[in-house]
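J.: This is the structure I want to talk about, given as structure tokens.
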Amino acid sequence: MIYKFKILSEEDDKFFMDVEILSEQTFYDFHNFIQEELEYDSSFLAKFFIANHNLQRKQEIPLIIDKKSAKNILTMDKAVLANFIKDAHQKLIYLFDILNNRTFFIELVETISDSASRYYPICTDFGGEIPQQFGKKNNKINVFDDEDDDIDIDIFHSKKAAPVLDDEEEDFTPEPFEKDINFEPEEETEQDEPESTDTDKFDDTEDIDETDIEK
């Protein structure tokens, strides 16, 4: 059996990717395919979550786990898709940027019979621009639930460089005005000094030229 999933971005409404994958393949196969198709650096950690219809995270399927939690959680390479897909419109969450809590929303849209002429997984449709793997500003924070919103806000405050550019601009708006006021007298003094020296030089040259003409 083939699972056909649609992958959507929380940051760009125009981005989507349709993927067909065998039901007996693993989440690790799914993870590798997403990374390769989007040309991401696969050396970074990622996670899948089994989600409900409200996109609330239920069961975690990580790439790797600690030894302490090895008995309770299956890793991607051991988690077969068919063992977790229980709904005709099963929803998943793919956390590809763990530090910034950035995700793809995945939904099962169709189950079809496999084709012997195809190698799975395969991308059957694609649209929009690929979201950056790291450092991209979340423009649609309201998409998250209340719990996720709190997490995103904490991340934005802890990292001032990349996200929340609007807040930074508002905080720094008075600074240019202060700088302009402070530098005005300095510019005037600098302009007065060269003018005085230049006029002296021009006066000397004019005197020399007149004497030369008389001779």
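The values are calculated or read from the model by the stated rules, or taken from the named source; none is laboratory data. Since we're looking at a predicted model, the values are computed, not measured. In this analysis, Cβ positions are derived from the backbone assuming ideal geometry, glycine residues included, and neighbour counts consider all displayed protein chains.
J.: Take the conditions under 25 Å from the mean Cα position of the chain (by Cα) and touching a residue at least 40 places away in the same chain (Cβ under 8 Å) and apply them to Leu95. Does it pass? Lay out the reasoning, then the answer.
T.: Values: under 25 Å from the mean Cα position of the chain (by Cα): yes; touching a residue at least 40 places away in the same chain (Cβ under 8 Å): yes.
For Leu95, the condition - under 25 Å from the mean Cα position of the chain (by Cα) and touching a residue at least 40 places away in the same chain (Cβ under 8 Å) - is met.
J.: Ile21 - would you say it is in contact with a strand residue (DSSP E or B) (Cβ under 8 Å, 6 or more places away or on another chain), buried (at least 19 other Cβ atoms within 10 Å of the Cβ), in contact (Cβ under 8 Å) with a residue 12 or more places away in the chain and under 19 Å from Tyr120 (Cβ atoms)?
T.: yes
J.: I would also like to ask the following. Give the range 79-109 a look and list any residue that's charged (D, E, K, R) and at pLDDT 95 or above, or say none.
T.: Result: Lys91, Glu107.
J.: Please identify the pairs in which a residue from the range 102-115 that is touching a residue at least 12 places away in the same chain (Cβ under 8 Å) and over 14 Å from Phe84 (Cβ atoms) has its Cβ atom under 9 Å from the Cβ atom of a residue that is of a type in the set (Asp, Glu) and part of a loop (DSSP other than H, G, I, E, B), counting only partners at least 6 apart or on another chain.
T.: Note: pairs meeting the criteria are Arg102/Glu10; Arg102/Glu11; Thr103/Glu10; Phe104/Glu10; Phe105/Glu10.
J.: Which residue out of Leu8, Leu45 is under 18 Å from Arg102 (Cβ atoms), in the same structural domain as Phe126 (by TED's automatic domain parsing) and assigned to a strand (DSSP E or B)?
T.: None of the others qualify; the one that does is Leu8.
J.: Filter the range 61-96 down to the residues that are among the acidic types (Asp, Glu) and either more than 22 Å from Pro121 (Cα to Cα) or not assigned by TED's automatic domain parsing to the domain that holds Leu8 (or both) and list them by number. Show your work before the answer.
T.: Filtering the range 61-96 down to residues among the acidic types (Asp, Glu) leaves 66, 77, 87.
Asp66 - this is the single residue of the range 61-96 that is among the acidic types (Asp, Glu) and either more than 22 Å from Pro121 (Cα to Cα) or not assigned by TED's automatic domain parsing to the domain that holds Leu8 (or both).
J.: So, in the range 11-27, of the ones that are in a strand (DSSP E or B) and acidic (Asp, Glu), which residue ends up nearest to Gln132 (Cα to Cα)?
T.: Per the criteria, the residue is Asp18.
J.: Then there's this: Which ones in the range 62-106 are under 19 Å from Thr26 (Cβ atoms) and assigned to a strand (DSSP E or B)?
T.: Pro62, Val80, Lys91, Leu92, Ile93, Tyr94, Leu95, Phe96, Phe104, Ile106
J.: Kindly establish whether Phe126 is in a strand (DSSP E or B), under 23 Å from the mean Cα position of the chain (by Cα) and surrounded by fewer than 17 Cβ atoms within 10 Å (Cβ to Cβ).
T.: Yes, satisfied.
J.: A follow-up question, please. From the set of residues in the range 110-123 that are loosely packed, with under 11 Cβ neighbours inside 10 Å and aliphatic (A, V, I, L, M), which is modelled with the highest pLDDT?
T.: Ile112
J.: Within the range 29-73, work out how many residues are touching a helix residue (DSSP H, G or I) at 6+ places or on another chain (Cβ under 8 Å) and buried (at least 17 other Cβ atoms within 10 Å of the Cβ).
T.: Final tally of qualifying residues: 8.
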